[in-house]
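Peer 1: Questions regarding the structure given below will be posed in turn.
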Amino acid sequence: MERATDTSHARSSFSYRLYATLWLIVGVLLLVASVPGLGRVDRTTYLVFALLAVAGTAVAIRFPSGVVVSMQAPFTFAAVWLLGWQAAPLVNFISSAILPPLHGVSPWRAVVFVGNASLAMSAAGYAFWRLAGGPLRPDASLQEALFLLACSSLFSLINTAAVSVGRYLETGDRAHVALRRLAPLVGFTLLAYTPVSYLLAHTYQISTPAFLLTVAVWLLVGVTLQGYRASREVYEQLERATRELERMSTTDPLTDLLNRRVFLDLLARELARHRRYGDPVSLVLLDLRGFKRVNDTLGHQAGDAVLQWVAHALRRRIRRTDAAFRLGGDEFAVLCPGTGLSGALALADSLCRALRAGDGLRGADVTVGVASCPEHGSTVDELVRAADRALYRAREEGVLVRAAE
């Protein structure tokens, strides 16, 4: 299974690198094709939006899916609406060069960005200029606004599809190409990039203060969202760390059973429930005879395997309402709320049969002591001592299971 997974990952990695290389070729071809047109555009306008696009690349939002969205696109789009599709490829190449060092994006993902962003923006820009008959005018009509929306939709579809397929090839996770994952990305790029790019292009032509205000607001929104996502990631990491610390403090690391501290807490809680409602509580203590010999003759790795075998058998045999514990060394316990002595003895017999089946014990054997509340005590100390005495008597008498007296 592990080898198959590694092979699948290797195939996925090769496919992704091939996919990225194809996008790089697309990006280079578009860059070469755009150079003649760049010589005919207004250099001041191009320089302003190119510098703003680079600044926007420094502000990026990382979505939970792993997709990174920067604030660069509206500035590049504004240049495309005003100057033509040739404005996009060079800006995207510059932006892709600073994505890896600034945001930890892999070079392959930056390469995919170069090609797909250049193609999507160039297609949108070319279509808009063909439909509108030229650049976006300061007094754009409703028809031009609809052309802008349609061409932005074309960009969103191409870009989202390219990014999602790339993430799928990179990770092998089909969720990246699921409709529920694609729709928010299309919506974000369409609803955010289209109005902002229009405002940037419009205000640039009519009012410098309004243009600067639009730039400031867009970058401020980006910084705010970036900070929010960063704080969310830190919070989620702290939550995961807290859950892991809690798990480590309540479970035995070798067997993944609950530990002695939790055993004492749960036993005290169930005995308190008994005093309130009168429900019986039973305790099954189990230890391994000859376990030291397994360690001495077969090694500690074999001993660990035996302990894990016991834990596996306990989990399979107990009820959902029961709880299994490793108390330490070769000693285990099962707490049985709502179970009387006869039910606990039946469980103990079942556990013995399961544990002795096959060669999981590696030559060791099992001894079980059973005590119940209220017959053998109603406090934690009383019940544990009663079960422990039953375990000792079973070992002395050479029987597998012994009930407390």
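The values are calculated or read from the model by the stated rules, or taken from the named source; none is laboratory data. Everything numeric here is computed off the predicted structure, so don't read it as measured data. Glycine also receives a Cβ, built like all others from the backbone with ideal geometry; neighbour counts cover every protein chain displayed.
Peer 1: Inspect all residues belonging to the stretch 77-92 and state whether any of them is within 21 Å of L225 (Cβ to Cβ) and under 32 Å from the mean Cα position of the chain (by Cα).
Peer 2: No, the stretch 77-92 contains no residue that is within 21 Å of L225 (Cβ to Cβ) and under 32 Å from the mean Cα position of the chain (by Cα).
Peer 1: Out of the stretch 252-305, which residues are among the polar types (S, T, N, Q), more than 16 Å from T339 (Cβ to Cβ) and more than 40 Å from the chain's Cα centre (by Cα)? Walk me through it before giving the result.
Peer 2: The first filter runs over the stretch 252-305 and keeps only residues among the polar types (S, T, N, Q), leaving 255, 259, 282, 295, 297, 301.
Filter again for more than 16 Å from T339 (Cβ to Cβ), leaving 255, 259, 295, 297, 301.
If the condition is that a residue be among the polar types (S, T, N, Q), more than 16 Å from T339 (Cβ to Cβ) and more than 40 Å from the chain's Cα centre (by Cα), then T297 is the only one that fits.
Peer 1: Further, regarding this structure: Given the criteria surrounded by 10 or more Cβ atoms within 10 Å (Cβ to Cβ), over 38 Å from the mean Cα position of the chain (by Cα) and aromatic (F, W, Y), does Y228 qualify?
Peer 2: So Y228 does not fit the description; no.
Peer 1: One residue is enough: does the stretch 175-186 have a residue meeting the conditions within 18 Å of the chain's Cα centre (by Cα) and over 26 Å from A150 (Cβ atoms)?
Peer 2: So far as the stretch 175-186 goes, yes, one or more of its residues are within 18 Å of the chain's Cα centre (by Cα) and over 26 Å from A150 (Cβ atoms).
Peer 1: Can you find even one residue in the stretch 382-389 that is over 18 Å from R260 (Cα atoms) and touching a residue at least 12 places away in the same chain (Cβ under 8 Å)?
Peer 2: Taking the stretch 382-389 and keeping what is over 18 Å from R260 (Cα atoms), we get 389.
Subsequent filtering for residues that are touching a residue at least 12 places away in the same chain (Cβ under 8 Å) retains 389.
Scanning the stretch 382-389 turns up at least one residue that is over 18 Å from R260 (Cα atoms) and touching a residue at least 12 places away in the same chain (Cβ under 8 Å).
Peer 1: List the helices (runs of 4 or more DSSP H) that sit entirely inside the stretch 132-239 and contain at least 1 residues that are under 28 Å from T21 (Cβ atoms).
Peer 2: So the answer is 142-171, 179-188.
Peer 1: Something else now. Report those helices (runs of 4 or more DSSP H) wholly inside the stretch 1-107 carrying at least 2 residues which are modelled with pLDDT of 90 or more and either under 13 Å from S118 (Cβ atoms) or acidic (D, E) (or both).
Peer 2: Result: 2-38, 73-83, 88-103.
Peer 1: Against the conditions (1) over 26 Å from C352 (Cα atoms); (2) in contact (Cβ under 8 Å) with a residue 24 or more places away in the chain, where does N259 fall short? Just the number, please.
Peer 2: The number of the failed condition is (1).
Peer 1: For R356, indicate whether it is within 41 Å of the chain's Cα centre (by Cα) and basic (K, R).
Peer 2: Here the answer is yes, as R356 does meet what is asked.
Peer 1: Tell me which residues, restricted to the stretch 198-247, are in contact (Cβ under 8 Å) with a residue 60 or more places away in the chain and of a type outside the set (A, V, I, L, M, F, W, C).
Peer 2: Hits for the stretch 198-247 are Y198, H202, Y204, Q205, G222, Q226, R229, E233.
Peer 1: So the check is Cβ under 7 Å with 6+ separation or different chains; which pairs have a first residue in the stretch 93-104 that's outside the structural domain of V32 (by TED's automatic domain parsing) and a second one that's surrounded by 15 or more Cβ atoms within 10 Å (Cβ to Cβ) and of a type in the set (A, V, I, L, M)?
Peer 2: none
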